[in-house]
Amino acid sequence: MNPSPARIAARVLEALKEGERIYTAVVTDAADTSMIGRRWWLSGRLHGGTLGSPSLDGEVAAAVTALFPPRESRGALSRDFEYGEGAGAATAKVYIELHGPPARMVIVGAGHIAIPLCRVCAMLGLRVVVLDDRPEFAAPGRFPEAAAVRMIDFRDPFADTRLDPHDHVVLVTRGHSFDYECLVRLLRMPGPPGYIGMIGSRRRVRATHEQLARDGFTSDQMKLVRAPVGLDLGGQTPVEIAVSVAAEVIMFHSRGTGIPLVDKERVVERFFGGRGGGGPAPARTRESYGGPGPGPRTKKEQP
Amino acid sequence: MSEKQLLARLASLEEPAILATIVSSKGSTPRKTGARMLIGKSGVIAGTVGGGCGEGEVIEAAMKLFDGAPPRTVRVDLTDDFTSWSPAVCGGIMNIFIERANPARFDDP
């Protein structure tokens, strides 16, 4: 019996409700045409259906974890698989999907940056958790899009928030010493969150790293911290900073470069003369991105 | 309609439908691999694989599955008429797998 796509969809929704990863697969092409449309799924140690050959099921089961990076919660791709042995060896095209619980964004510090950051991260589909030690800031009413808003004690900020490598953490507390306390906790975790960002000027970031080095952290550990967090968009307001952080999160997941597409694709240069086809993109200056605005802003350190 | 809503719609089907999924794509296409559309006997129920002529082609092929045609991959080439300025012209190729989706209580034989 071949589970129908409806049954597979129900199983996926069940897995997501339980917070588990599930892989689903369907044969889209095979020499043995009776296999086309055979479906199979795998979630932890549970599985169901078959792709029409136990050998093919085994090949796909062995491949799925490597096909999708562990930090990703969603994926879809097609691959050719060889299966069977000797005279029975054959190839099948299999379409595989990964569905996982949405990744989490933990914002530490419920101040003025946290509000737009919570909103834009929720729009990206992240489950947002906001932490602060001040009751008037850690108020659910301030963060309608958050999955949770928690009061914490900075002596043990993640006591009620268990973190794993799929998580994102952005430190935007009111004080650098609080950011530092969080950072030390995060870096000492056996499986630290995959994305750790901290806001700050170059000077403050440098001071943090000096302190980390004094406290015995290695440069490999220090490299886990994205600080200053965000892409260089030149923005300064809380909303602009939130967009810059969110843009870096997207880039982190999509393996983007962060450079403007106009420079990456260079359609005019390639196809309409100018600089010709080859060679690296010409470096744009801060001024050339200025657009019609009021011109370059004066440089100001982030608070 | 979000992906989750489409999954919920699919999971709660009452009548047989055809599920169309972009299983691979190359170049610039309106929707990417993993995008889905659910098609009923009288037309699209939910979702989209990009709209335009390409989608029409998929719906036409899907209708044949209601009559017992086997599941198959429909190749939609959006590179053809580059100058038409139709919203469907993006310059890419999509492979869309179409398969029969019976309500969950009736699994396939």
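Things to note:
- Selection count, segment B:11-64, where residues are more than 10 Å from chain A (Cβ to nearest Cβ) and not in a loop (DSSP other than H, G, I, E, B): 23
- Per-region count, segment B:65-109, residues modelled with pLDDT of 80 or more and either more than 24 Å from residue A:79 (Cα to Cα) or part of a loop (DSSP other than H, G, I, E, B) (or both): 12
- Checked against (1) at pLDDT below 95; (2) part of a helix (DSSP H, G or I); (3) touching a helix residue (DSSP H, G or I) at 6+ places or on another chain (Cβ under 8 Å), residue A:193 meets all criteria but (2).
- Qualifying positions in segment A:1-49 - part of a loop (DSSP other than H, G, I, E, B), away from chain B (no Cβ under 12 Å) and touching a strand residue (DSSP E or B) at 6+ places or on another chain (Cβ under 6 Å): A:20, A:31
- Counted residues, segment A:163-204 - those being crowded, with 17+ Cβ neighbours inside 10 Å, among the β-branched types (Val, Ile, Thr) and over 16 Å from the mean Cα position of the chain (by Cα): 3
- Of all positions in segment A:73-84, at least one carries a residue that is surrounded by fewer than 19 Cβ atoms within 10 Å (Cβ to Cβ), more than 14 Å from chain B (Cβ to nearest Cβ), without any contact (Cβ under 8 Å) to a residue 40 or more places away in the chain and at positive phi.
- Strands (runs of 3 or more DSSP E) within segment A:61-152 that include 2 or more residues within 24 Å of residue A:241 (Cα to Cα): A:104-108, A:127-132, A:148-151
- Search result, residues across segment A:93-139 that are surrounded by fewer than 21 Cβ atoms within 10 Å (Cβ to Cβ), basic (Lys, Arg) and touching an Asp or Glu at 6+ places or on another chain (Cβ under 7 Å): A:93, A:119
The values are calculated or read from the model by the stated rules, or taken from the named source; none is laboratory data. Fair warning: this is a prediction, and the values are worked out from it, not measured in the lab. Glycine gets a Cβ as well: all are built from the backbone with ideal geometry, and neighbour counts include every protein chain shown.
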